[in-house]
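See structure below.
The values are calculated or read from the model by the stated rules, or taken from the named source; none is laboratory data. Because the structure is predicted, anything quoted here is derived from the model rather than measured. Here Cβ is always computed from backbone atoms with ideal geometry, including for glycine, and neighbour counts include all displayed protein chains. The accessibility values were calculated without ligands, DNA or RNA, using every heavy atom of the protein model including side chains. Shrake-Rupley method; radii C 1.70, N 1.55, O 1.52, S 1.80 Å.
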Amino acid sequence: MMMRNGGLPERLASHLEDSRVSGRPLGVLCLGMQGLRQLRIRAGYQAMDALLAEAASRVRGVLRPGDELVELGSGDFALVLPGLRDGSHAMLAASKLLRQFEAPIIADGQPVLAAVAVGVAMYPEHGDSAELLCRQAEQAMLQARLLPDRMLVGGSPVQAASVDPAELLEAISAGQLQMHLQPIMDLRQRKVIGAEALARWQHPTKGTISPGVFIPVAEASGMISQFTRWSINACLQTVAEAREAGLPLVVSMNLSATAFAERGLVEQLLGGLRLWNAEPRDLVLEVTETAIVSDIQRGATQLRQLNAAGIRVSIDDFGVGNASVAYLKEFPATEMKIDQSFVTGMLGDLRSLQMVKAMIAFAKQMGMRVVAEGVEDANTLEALGDLGCNLVQGWAVGRPEPAGELIARLARGG
């Protein structure tokens, strides 16, 4: 059954009452589609209407008799799943939802790979009211957009007052955002030669706010430009501080699909390099497969411009996105990051080990360096070295820490 946003609280309240009486769990799923504004600009309104109609049809395809489907907004859906046996059934429904969007949608004659994320909340584990369950599911969906498998079960505390763009703007201008670094080791040299930059927000009253919360706020509110400018300057400042300490540290910076689509990105990066007197080789931009294929022509043009300027580009979370070999041959990426879902536990999973081996070989054939993330133990680190992996990051190398602390430790030889 399909209904509009206004009917959600009433319908969910009715199902909650039934669950209280029967004692059976209830699930709420939130599915969100990304990049719709860019698609509308690129393909037109007719293509957008066709895309949303097909998306709704695909979502309906996972419903059981008695389930409810609510359209929350353009490309945002909520599913109410009453009478579940346990939480695993909600996760199964979430997995089915994601699989519905693995194949391209033909929108007004154009094939479109829709990027989606799913958040899950369960009664009674994550709340006993309709509003709290919906907020838990929606927060989980926002956080899932940054995860490799694009799916997350709720349970983390919902902010008493949701983060709004004004707070994020204040955080950027007041210096509440901090840059943390996770070290990256060269396996041949057995030394740290770089680090991935990770933004952290310590709110004066709300405490630590996850990037999974504030980055979607930046994207949805149109503030991604301000956040990207902060990220570029913070990363290049870190590069400059490392060089002052005698460390030729290469910093990898993540770019979301929304940031990658921003106009003037290349000029902004080159201007930042001049401002901080940094070399292009000191910076690596990590771009997800989803960001690349969301606008293939534009993505290829930007990557070529960055490559021509000497800035290295890494394909992040390789293996879990939408890119194919046919796409990758068009992009002058210099590095591939193997997603941690393949690396963690690969020694106990033959298929994962074989896939890691194949991805390393493929990257070598394409002339790219390979970074394996999620390396949590010495045995995995050694195995990756034997497979010819160039770089590794993970807890076996070092956990994220404030940029100044990592630079000081490395300068001391730590």
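How much FRET efficiency would the formula 1/(1 + (r/R0)^6) give for Ala220 and Ala411, where r is the Cβ-Cβ distance and R0 is 35 Å, rounded to 0.05? Efficiency, from the Cβ-Cβ distance: 0.30.
Of the residues Phe331, Ala197, Gly83, the one whose Cα sits farthest towards the positive end of the charge dipole of the chain is Phe331 (charges of +1 on Lys and Arg Cβ, -1 on Asp and Glu Cβ, taken about the Cα centre). Quote the FRET efficiency, to the nearest 0.05, computed for Asn277 versus Asp76 with a Förster distance R0 of 41 Å and r equal to the Cβ-Cβ distance. Rounded to the nearest 0.05, the efficiency is 0.40.
Carbon-plus-sulfur fraction of the accessible area of segment 136-243, 1.4 Å probe, in percent? Walk me through the numbers before you get to the answer.
Numbers: 2370 of 4510 Å².
That share works out to 53 percent.
Hydrodynamic analysis of segment 195-316 uses the Kirkwood radius over alpha carbon pairs. Inserted into Stokes-Einstein at 4 °C and 1.567 mPa s, it gives a translational diffusion coefficient of 86 µm²/s. In straight-distance terms, cross-link reach from Lys206 covers every one of the lysines whose alpha-carbon lies under 17 Å from its own, apart from those fewer than eight places away in the same chain; here that gives an empty set.
Need one number: % antiparallel among DSSP beta bridges in the chain, to the nearest 5. For the chain, the DSSP antiparallel bridge percentage is about 60. Heavy-atom accessible surface of the chain, averaged per residue, reaches 45 Å², computed with a 1.4 Å probe. Mind checking which of Gln139, Ser19, Ser95 is farthest towards the positive end of segment 1-146's charge dipole, using Cβ charges of +1 (Lys, Arg) and -1 (Asp, Glu) about the Cα centre? Among Gln139, Ser19, Ser95, the one farthest towards the positive end of the dipole of segment 1-146 is Ser95.
Among the listed values (i) 65, 32, 16; (ii) 37, 23, 23; (iii) 39, 27, 19, the one matching semi-axes √(5λ) of the Cα gyration tensor in Å as calculated from this structure is (ii).
Relative contact order of segment 101-255, taken over Cα pairs closer than 8 Å and 6 or more residues apart, is 17 percent. Farthest toward the dipole's positive end in the chain, which of Leu168, Ser74, Thr288, given Cβ charges of +1 (Lys, Arg) and -1 (Asp, Glu) about the Cα centre? Final value for the positive-end residue is Thr288.
Rounded to the nearest 20, the Cβ-based charge dipole of the chain about its Cα centre (Lys and Arg +1, Asp and Glu -1) stands at 740 debye. Charge dipole of segment 58-169 (Cα centre as origin; +1 on each Lys and Arg Cβ, -1 on each Asp and Glu Cβ, all else neutral): 460 debye, rounded to the nearest 20. To the nearest ten degrees, helix 8-22 and the longest principal axis of the Cα atoms of the chain are 80 degrees apart.
DSSP beta bridges fully contained in segment 165-309 are about 60 percent antiparallel. Between 0 and 90 degrees, rounded to the nearest ten: what's the tilt of helix 211-221 against the longest Cα principal axis of the chain? For 211-221 against the chain, the angle is about 80 degrees. In percent, rounded to a whole number, the relative contact order of the chain is 12, using alpha-carbon pairs under 8 Å and six or more apart. Val62: net charge of surrounding residues, Cβ under 12 Å, Lys/Arg +1, Asp/Glu -1, itself excluded? Result for the neighbourhood of Val62: +4. For segment 96-137, the residues whose amide N sits under 13 Å from a probe point set 7 Å from the Cα of Ala13 along the beta carbon direction are 129-132.
Straight Cα distances below 29 angstrom link Lys191 to the lysines Lys337, Lys357, Lys364, with same-chain residues fewer than 8 positions distant left out. Centre-to-centre separation between the Cα atoms of segment 81-129 and those of segment 169-215: 30 Å.
Can you give the FRET efficiency for Arg188 and Leu350, using 1/(1 + (r/R0)^6), R0 = 30 Å, r = Cβ-Cβ distance, to the nearest 0.05? Kindly include the intermediate steps, with their values, before the conclusion.
Values: r = 26 Å, r/R0 = 0.87.
With a Förster radius of 30 Å, E is 0.70.
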